[in-house]
Structure formats: C-alpha cells, structure tokens
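The next block holds one structure in the form of structure tokens; read it before the comments.
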Amino acid sequence: MNLEAMRAVLDKIRQYDRLILFRHLRPDGDCVGASKGLKRILELSYPDKQVILPAADCPDYLRFLGEDDSEPSEAEYADALGIVVDTGSADRISNANWARCRELVKIDHHPDRDPYAATSWVEEERSSACEMIAALQTAFSEELKLDRQAATCVYLGMVTDSGRFRYAGVNGETMRLAGAMLDAGVDTERLYDRLYLRAFESYRFQSHAYEQMKISAHGVVSLFVGRDTQERFDLSFEEASAAIGYLDSIRGCLCALAFIDAPDG
C-alpha cells in the first residue's frame, strides 16, 4: 500500500471545489465501478464540492448503477481537478476534455508507461482499480465516507476484474477490502443476478464460441466474433466481447485471445 501516493491524491482533492472524473474507452466493470464508487464517496465526504462524472460510453449491463452526468462547460473544466481511474495511457481516456482541467490525478493498477498526470497513484500489483478505491476509503475512513451505493459500485469492480477473486493479484488484502465493502451493506444476491444471469440466446452463442475457437500448438486459444455472428445471436458489442471469459479455463492453454468486430469496423 503506497500511503504517500494516497495522501498526495487526497491532498489534491482537498484543494479543489470542483472534481471531474474520467474513465477509459469501452469501460468494463472495474472502470465503471471505480468511477461511480469514487464519485459517491467524494459526494458523501465533501458535500460542499461539486463532483461530476460526465456522460460517456457505458455497457448496457452496468446501467443499473445509474446514469452519468451531463457534460460540464469549458469554464467548469478550467478550474477543476480531473481524476482519471483505471486508465493506463492518455489516449484511452474516453472524454477528450480531460486536457481542459487545471490539474490531473491518475489512479490506476496498470503498468505506468504513460505518466500523464502530475499527481499519480499507481499500484500494478492490485487486482483492480476498485481495490485501490477501497484501500483509499478504508485508510482514511474518518474523512472518506462510505454507504451501500458506493460500496456496491466498488465491490462490483473488484469481483469482475478479479474473475470473482480467482485471478493473479488477489491476496488477503484484496479479500479484507472486499469484506469492508460487504460490511457496508452490499446485496450480493441482487448484484450477482444483475451481473451473471443471462438470456437463453447467450448460451447458444457460448456453445457456438466453443465450436469455433482454435488452439495452437503453443497453448494459445483464440476466437473471432464477426458482425455476422453478432447479428445471428442478437449480441451487443459488450456481449460479444464477453466471449473472452469462455476461454480462460482450458487446461494447457497459456493465453486466450478474442477478436471482436467493433461497431465502427
């Protein structure tokens, strides 16, 4: 836990009356959970500050977490602190207006190949950006408030980015922080229903994916999902992209790749 970097982030947040949050293109559960969870924590903790999460692309399956905010004006950007979560490089930030902010904070768990923010808190060993948000809140719990809504967003990201706590990077600290979120009242049954209950047609697509996947002699499993397949099974881009999850538990395979035709070609 990098307490020095965490304090630097918190000190910067204290200095500003307006905070604008950003996330990456085609956000996943961790990115959406981190941005929405942090927004709620900041709103609870600093009721006199304006906290904005501008509307950006969001997967349909995560819309139950609530809508994002409308786009701020140029003047609002100009005197705001921008906080970017779960985004390794500046070219992947979904809202190009991040550059209008007076200063920028980066909170991320990917390799820090693009240190685009003056204030940066990066911990590559963390299983998710949401684990970092949970660590920040628990480390400074006297100042940073938590409720069920915030905890649900943060726990969602921890669950999804860790493969339900199966992937490398999960350790005792991960589980203790997840427990702290559960203690705040997360309804896991309702949350898992939202995340993992699937339409019957998606199982037909999963069967198709297993028929079409290829395995190389070197242990690489791959799958291509074209536009024709997406139309055949009535899949959104996010549903088609979820096919990568079908390939991660094949004995003898060292790497899984899914190639998905995007709507823009």
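The values are calculated or read from the model by the stated rules, or taken from the named source; none is laboratory data. What you see is a predicted model, and the numbers here were worked out from it, not measured in a lab. All Cβ positions, even for glycine, are placed from backbone atoms using ideal geometry, and neighbour counts span all protein chains on display. When the accessible area is computed, the model is the full protein with side chains, heavy atoms only, and any ligands, DNA or RNA have been set aside. Shrake-Rupley method; radii C 1.70, N 1.55, O 1.52, S 1.80 Å.
Rolling a 1.4 Å probe over the heavy atoms of the protein chains gives region 145-265 an accessible area of 60 Å² per residue. Modelled this way, with points 7 Å down the Cα-to-C-beta line, the labels at residue 69 and residue 11 are 2.5 nm from one another.
Highest GNM mean-square fluctuation among 113, 18, 164, for the chain modelled with Cα contacts below 10 Å: 113. Working from Cα pairs under 8 Å separated by at least six residues, relative contact order for the chain is 17 percent. Comparing 79, 57, 234 in a Gaussian network model of the chain (Cα springs below 10 Å), the most mobile by mean-square fluctuation is 234. The relative contact order of region 214-265 comes to 50 percent, based on Cα pairs under 8 Å that sit 6 or more residues apart. Looking at region 1-114, the accessible area is 43 square angstrom per residue; that uses a 1.4 Å probe and ignores ligands, DNA and RNA.
So what is the calculated 222 nm ellipticity per residue for the chain, using -39500 (n - 2.57) for each DSSP H run with n of 4 or more, over all residues, to the nearest 500 deg cm²/dmol?
It comes out at -12000 deg cm²/dmol, rounded to the nearest 500.
Of 66, 179, 169, the residue with the greatest mean-square motion in the GNM of the chain, using alpha carbon springs below 10 Å, is 66.
For region 1-149, what class follows from the C-alpha gyration tensor (a ≥ b ≥ c being the square roots of its eigenvalues): rounded when a/c is under 1.5, otherwise prolate if a/b is larger than b/c, else oblate? Working shown, then result.
Details: a/c = 1.11, a/b = 1.07, b/c = 1.03.
Since a/c stays below 1.5, the shape of region 1-149 is classed as rounded.
Once the piece of chain linking residue 262 and residue 4 is laid out straight, how much longer is it, given 0.36 nm per residue of separation minus the C-alpha distance between them? Going from the current span to full extension adds 88.8 nm. Close Lys pairs in the chain (alpha-carbon distance under 16 Å; sequence gap of 8 or more, or different chains): 10.
Beta bridges per DSSP, both residues in the chain: antiparallel share near 10 percent. Here r is the Cβ-Cβ distance between residue 232 and residue 189 and R0 is 45 Å; the resulting FRET efficiency, rounded to 0.05, is 0.85. What is the Cα centroid distance between region 92-113 and region 173-226, reported in whole angstrom? First find each Cα centre; the distance between them is then 28 Å. Shape annotation for the chain: C-alpha extents along the principal axes are 56, 40, 35 Å, from largest to smallest.
Surface composition of the chain: carbon and sulfur atoms hold 48% of the protein heavy-atom accessible area at a 1.4 Å probe.
Contact order normalised by length for region 145-265, with contacts defined as Cα pairs under 8 Å and 6 or more residues apart; what percent is it? Mind dumping the intermediate values first?
Details: 102 pairs, mean separation 26.0, N = 121.
For region 145-265, the relative contact order is 21 percent.
Estimated at 0.36 nm per residue, the fully extended path between residue 124 and residue 207 surpasses their Cα-Cα distance by 26.4 nm.
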